[in-house]
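Below is one structure, written out as C-alpha cells; comments come after it.
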Amino acid sequence: MDEGLNKAELAEEDRARAECYALISRLFYTPSDLDLLKRLAGVPDVVEDTPGLQLEGVDEVKHGVPAFDSALRDLQAACRATDAQAIAQEYNDLFIGAGKALVTPYTSGQGGLQAPDRYLLALREHLLAWGLARRDSVFEIEDHVAAVCDVMRWLIERERPLDEQQSFFNDFVYTGVGTFCNAIEARATTPFYRAVAALARAFLSIERDAFELHGGNK
C-alpha cells in the first residue's frame, strides 16, 4: 500500500503522529513479543511490521504533553514488569476469549452506535474511495481498532488534507477507540494493557485538540 512512499519528506510532527498510530495499531493487533517489550521499555527505534497490517515503526514520540508523557512512562514500566507469555494470555482473555471477548476490538461495537451495519458500510465506502481494501489473508474486519488506527497512519503519511483526516478521526476513530480503551481499563487484570489503553487515549486527546484548533482557525 505504501510502496515508494518517502516518509523522510513528512514534517517531523506528522511523522511522529503517524508513528504513534502505527504503535497503537501494533499493540492492539497481536500480543507483544519479548523483542517488542524490550524495545518499548526504552522507547523503540523500530517496531516490526505485523502480518496483515501495513505498519511502520516508532522512532520518536510526542513529548511535552503531561498525560501522554505519564502514560508512556507507565507503559515502559509495565513492559519491564511483565513477560510475553502473560501478555499473550491477557490478550486472548480480553480480545478473543473462549466464547465472547471481554472487550470487543471492533469499533462498530463501541461508542454506543445505534446502527453498526451502517457504520461498517460507511467505513468501507471511505476505504474504497481511497483505494484501500482488506487483504484476503486478514481475518479481522475493517473496523478493528488496529485497522482504523492504521488508516489514520496512512492518511498522515499520504499527506491527505487535514479536513479529511479530521473527518475520519471524528467518524471512525475517536469515540470507538476511546470507548474501547475505557473498557480495557475496566477489565484488564495486569498493568500492561491498562497502560496501552491510557497511552492510546492520551494520544487521541492530543489529536482531538489539534483538530479542534485546526477547525477553529479556518
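The values are calculated or read from the model by the stated rules, or taken from the named source; none is laboratory data. As the structure is a computational prediction, the values presented were derived from the model and not from experiment. As a convention, Cβ positions derive from the backbone with ideal geometry for all residues, glycine included, and neighbour counts pool all protein chains shown.
The table below lists the values:
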| item | result |
| --- | --- |
| Yes/no for residue 103 being among the β-branched types (Val, Ile, Thr) and modelled with pLDDT under 90 | no |
| The listed residue being touching a Phe, Trp or Tyr at 6+ places or on another chain (Cβ under 9 Å), of a type in the set (Lys, Arg) and crowded, with 16+ Cβ neighbours inside 10 Å, out of 153, 194, 158 | 153 |
| Residues (touching a Leu at 6+ places or on another chain (Cβ under 8 Å) and at pLDDT 90 or above) located in segment 108-129 | none |
| From 187, 153, 208, 158, residue being among the basic types (Lys, Arg) and either under 18 Å from residue 94 (Cα atoms) or touching a Leu at 6+ places or on another chain (Cβ under 6 Å) (or both) | 187 |
| Long-range neighbours under 6 Å by Cβ, at least six apart or interchain, first residue at pLDDT 50 or above within segment 58-76, second of a type in the set (Gly, Ala, Ser) | 67/202; 68/202; 71/198; 71/202; 74/195; 75/195; 76/41 |
| Total residues in segment 144-161, condition assigned to a helix (DSSP H, G or I) and over 11 Å from residue 207 (Cβ atoms) | 10 |
| Test result for residue 194, among the charged types (D, E, K, R) and in a helix (DSSP H, G or I) | yes |
